[in-house]
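> One structure is given below, represented as structure tokens, and several questions about it will come after.
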Amino acid sequence: MSENRVFFNFSFFRIDPKWRWMADLAKEESAKEIEQVIRNSKVKCRTYSTLGIRDDAEFLLWFASESLEEIQGLISKIYSTVFGKYIVPSHVYLSSTRPSIYAKSGRSASFIIGNEQKKYVVVYPFIKTRDWYLLPLDERKKMMDEHIEVGHKFPQVLLNTTYSFGIHDQDFMLAFETDELHAFQDLIMQLRETKVSKYIEKDTPMIVCVKKDIIPLISSLG
């Protein structure tokens with residue numbers, strides 16, 4: 001899977017308040033149903049809670065697959081469950097892996113190369129100005145070398161850079177994984193001081209997500 005280009009889908013959802021009025025046993029059975037649907041799919045899926053962190057989303061389903069249709073199929077099956085009747089998407093982002101023209105390793109998607117899931121992931125769309133793309137490639141590479149060097153100071157923060165050109169509204173989707181959220185904050189503060197930051201048009205919403213398996217995630221929704 002890591003040798004080919006892979007689609008990422010970041011689907012954030014809100015829960016219908018009516019869900020909280022369901023009987024506890026029914027909610028438990030519904031959570032098991034969702035778990036089974038995800039487990040039986042070929043699509044890779046990571047689950048996170050945004051409960052109490054955002055006012056526009058309560059959880060994230062992060063999907064990865066070489067097939068966009070398989071991602072759609074899994075989401076359709078989720079909607080067909082009891083729990084699926086009570087969820088509404090609030091943010092949906094689509095992107096794809098591809099080799100970086102700046103990173104020497106050529107790989108920049110921690111999820112795909114099999115790194116263990118961290119406690120937190122911070123997800124956000126990223127758009128650079130059009131002026132950035134009009135700069136000579138060598139000039140861009142020099143500025144990105146500085147940018148990448150700052151990232152190397154924070155080995156506890158793993159990067160997933162994926163590309164949305166032509167398939168969604170943003171240029172990139174960034175997903176930073178870490179067990180130390182303050183380290184990510186320190187990283188971003190230092191990146192603000194690099195020359196590349198001059199060419200950032202948009203990098204919001206910046207959504208902090210907490211790792212949580214699907215059954216306890218659903219249980220936490222009340």
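Since every read-out is calculated from the coordinates, none of them should be taken as a lab result. Model, not experiment: these values are computed from the prediction. Glycine gets a Cβ as well: all are built from the backbone with ideal geometry, and neighbour counts include every protein chain shown.
> For the chain, find the longest principal axis of its Cα atoms and tell me its angle to the long axis of helix 68-79, 0 to 90°, nearest 10.
Tilt of helix 68-79: around 30 degrees.
> Could you work out how far helix 24-39 tilts from the main Cα principal axis of the chain, as a 0 to 90 degree angle to the nearest 10?
50 degrees
> I would also like to ask the following. Pulled fully out, how much extra length does the chain show between Gln185 and Asp24, if you take 0.36 nm times their separation in residues and subtract their Cα-Cα distance?
On the way: separation 161, 0.36 × 161 = 57.96 nm, distance 3.79 nm.
Here the answer is 54.2 nm.
> Can you pull the one-decimal nm distance between simple spin-label points at Lys153 and Ala103, each 7 Å off the Cα toward Cβ?
Result: 2.0 nm between the two label points.
> Oh, and also: Leaving out same-chain residues fewer than 8 places away, which aspartates and glutamates sit with a Cα under 13 Å from that of Lys128?
Asp169, Asp171, Glu201, Asp203
> Could you tell me which of rounded, prolate or oblate describes segment 92-170, using a ≥ b ≥ c as the square roots of the eigenvalues of the alpha-carbon gyration tensor, with rounded for a/c under 1.5 and, failing that, prolate when a/b is larger than b/c and oblate otherwise? Display every interim value, and only then the final one.
Details: a/c = 1.89, a/b = 1.22, b/c = 1.55.
In terms of gyration-tensor shape, oblate.
> Report the longest stretch of the chain that contains none of the GluC sites (Glu not before Pro) sitting in a DSSP loop with at most 13 other Cβ atoms within 10 Å. Please report the intermediate quantities before stating the final value.
Values: sites that count: Glu3, Glu116, Glu193.
It runs 4-115.
> Another question, then. How many nm separate the modelled label positions at Lys195 and Asn40, each set 7 Å beyond the Cα in the direction of the Cβ?
The modelled label-to-label distance comes out at 5.6 nm.
> Another one. Under the Kirkwood approximation applied to all pairs of distinct alpha-carbon atoms, what is the hydrodynamic radius of segment 63-106 in Å? Could the numbers behind the result be given before it?
Values: mean 1/r = 0.0772 Å⁻¹.
This gives a value of 13.0 Å.
> What nm value, rounded to one decimal, do you get for the distance between Asp56 and Asp169 when each label is placed 7 Å out toward the C-beta?
The two pseudo-label positions are separated by 0.8 nm.
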